[in-house]
Structure formats: structure tokens, C-alpha cells
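Let me begin by handing over the structure; questions about it come next.
Derivation of every value follows stated rules applied to the coordinates shown; laboratory data play no part. Just so it is clear, the structure is predicted and the values come from calculations on it, not from any experiment. Cβ coordinates were reconstructed from backbone atoms using ideal geometry, including for glycine residues, and neighbour counts include every protein chain displayed.
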Amino acid sequence: MALTPHAVTFDAEDAASLARFWADALDLPVRDGATAEFAAVGGQDLTYLFFAVPEGKTAKNRVHLDLEATDREAEVERLLSIGATRLGDHEEGVRWTVMADPEGNEFCIVQTH
């Protein structure tokens, strides 16, 4: 029996705010009923869940999202305009940009060929 991903879950200081960022980033809707304690984005194939936790982020993510873009730099600029932070670039071989969401969760934008 194979496993199928159902959701990606984020710990958050403010679940609704972080969900709005990711909804804008991924062009998906925030589900009705979002609060500072819980919010959900998307839901057709994969749901992104956001739960408020009392402790803040203290270290680098152990797991992160790699998101593909046909125009990496344009996508990076769009994400910066909605609240992301650029952390670094890798330009050899497969090119990617490391970014962080407004609460510091790292993710990468990968240039597709």
C-alpha cells in the first residue's frame, strides 16, 4: 500500500496571516473560518494547514518546500512583494533561490528548464 500526501502543516504565530501569505504565494484560496489559531489553504489535491503554537521558530527547517518557476527571478520578486525574504541564491547546475515566509520558514524557488 502506498502513502499519498494529504497535507503540509505549518506551525505559526498567527495561523490566518501565514495562511494568507501562502494562499497568495500559491494562488490558492484560504478556506472559510480562518482564525489566528487555525487556517487551511487549498484542498483539492493537497491542503496546507496552519496551527498557532506558543513557541517561535528557533532553527533552520528540517524539511522545506521546493517550488518550481518558469521565471525564477520574476517569481522571487513577486514573493518579496507579498512579504517573503530572500536568503540566498544557488547559480551552479540547477538554479534556485532560498527564501523565507513572513514567519521565517525557509522554502526554495527552483528554475525549471
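Cβ neighbours within 10 Å, averaged per peptide: list 91-99, 51-59 in order, most packed at the top.
Working: 91-99: 14.1, 51-59: 10.2.
Ranking, from highest mean packing down: 91-99, 51-59.
While we're on this one: From the square roots a ≥ b ≥ c of the eigenvalues of the alpha-carbon gyration tensor of region 47-113, which class results: rounded (a/c under 1.5), prolate (a/b over b/c), or oblate? Can you show the working numbers first?
Values: a/c = 2.02, a/b = 1.80, b/c = 1.12.
The shape class here is prolate.
Against the longest principal axis of the chain, how steep is helix 15-26, in degrees 0 to 90 to the nearest 10, with axes from Cα atoms?
Roughly 40 degrees between the two axes.
In which sequence would 72, 78 go, from the one with the fewest C-beta neighbours within 10 Å to the one with the most? Let's see the in-between values first.
Numbers: 72 19, 78 15.
Exposure proxy ranking, most exposed first: 78, 72.
Continuing with the same structure: Determine, from the Cβ-Cβ distance of residue 35 and residue 91 and an R0 of 41 Å, the FRET efficiency 1/(1 + (r/R0)^6), rounded to the nearest 0.05. Mind showing how you got there, number by number?
Details: r = 41 Å, r/R0 = 1.00.
Efficiency for this residue pair is about 0.50.
Along its principal axes, what span do the Cα atoms of region 7-54 show, with the longest given first and each in whole Å?
29, 18, 17
Can you give me the angle between helix 72-81 and the longest principal axis of the chain, using Cα atoms only, in degrees from 0 to 90, rounded to the nearest 10?
Helix 72-81 sits roughly 40 degrees off the main axis of the chain.
Restricting things to alpha carbons, tell me how big the chain is in terms of Rg and Dmax, in Å.
For the chain, the Cα-based Rg and Dmax read 14.4, 44 Å.
Which order do the peptides 19-25, 83-89 take when ranked by the mean count of other beta-carbon atoms within 10 Å per residue, highest first? The partial results should precede the final answer.
On the way: 19-25: 21.1, 83-89: 14.4.
Output ranking for 19-25, 83-89: 19-25, 83-89.
Another question about this same structure. Among DSSP beta bridges whose residues both lie in the chain, state the antiparallel percentage, nearest 5. Let's see the in-between values first.
On the way: 16 of 27 bridges.
Rounded to the nearest five, the antiparallel share is 60 percent.
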